[in-house]
């Protein structure tokens, strides 16, 4: 076949990664998790690490991540994924180990585990999905909930006097000596998806090179928790989340 024929539109087939199985996803329409899963699966596959990757998923919307990406998985207690990942990576340093956590898990009940694993410079990747709300349990306020944002537990909007300020956990993590790469990405546009994939690839390569902890935060939507359509949620995220959590690399050693 001539090269010109190969790149014809009718010959360009968009397919899901081989590591993604056929189980129907339980995520709500418009949820960012599905795209992030796809990117993780693509990077693992492209690196040829299918048989050497171990994911750790704690409590949250992505608790069933093992149903969708065909690699080895370990479940963890709420917030404890970095501690479990630490043990796995130290026992099996040839494995590529990552956690997959939401903001309520990583930045609330798991704050200590997250900070200390990063401070120790564990050679793991932390994938952090920040949608500023507890999506799994009914839309309660999370540590990352914005000021003035209404949730089930702050129905009149978050106020600093009562609830404190939004926790910019990635900004804290980039200050630690043990982190080599901390970045904020999103998957709301095709261009953002391409950048996010490159960030994930860099994080996974860092972990295998023994450079320390890498954190990839995804500023994400929760259309059902925010009580919006997927399109409205994307627009709201751009207008409200991005100013508070600007995209880009925070640290790259």
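The values are calculated or read from the model by the stated rules, or taken from the named source; none is laboratory data. Model, not experiment: these values are computed from the prediction. With ideal geometry, Cβ positions are generated from the backbone for all residues, glycine too; neighbour counts draw on all protein chains shown.
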Residues being touching a strand residue (DSSP E or B) at 6+ places or on another chain (Cβ under 9 Å) and either within 19 Å of residue 15 (Cα to Cα) or assigned to a loop (DSSP other than H, G, I, E, B) (or both) - total across segment 43-66: 8
Residue within segment 215-233 that is farther than 29 Å from residue 155 by Cβ, within 17 Å of the chain's Cα centre (by Cα), at pLDDT 95 or above and not in a helix (DSSP H, G or I) present: yes
Considering residues of segment 239-253 that are at pLDDT 95 or above and loosely packed, with under 13 Cβ neighbours inside 10 Å only, the residue farthest from residue 178 (Cα to Cα): 239
In segment 11-33, residue modelled with the lowest pLDDT [restricted to those that are buried (at least 16 other Cβ atoms within 10 Å of the Cβ) and under 17 Å from residue 62 (Cα atoms)]: 30
Qualifying residue in segment 140-147 (condition: surrounded by 21 or more Cβ atoms within 10 Å (Cβ to Cβ) and assigned to a helix (DSSP H, G or I)): no
Out of 167, 162, sole residue that is in a loop (DSSP other than H, G, I, E, B) and either surrounded by fewer than 22 Cβ atoms within 10 Å (Cβ to Cβ) or at pLDDT below 95 (or both): 167
Of residues in segment 127-139 being farther than 17 Å from residue 241 by Cα and surrounded by fewer than 24 Cβ atoms within 10 Å (Cβ to Cβ), the one nearest to the chain's Cα centre (by Cα): 136
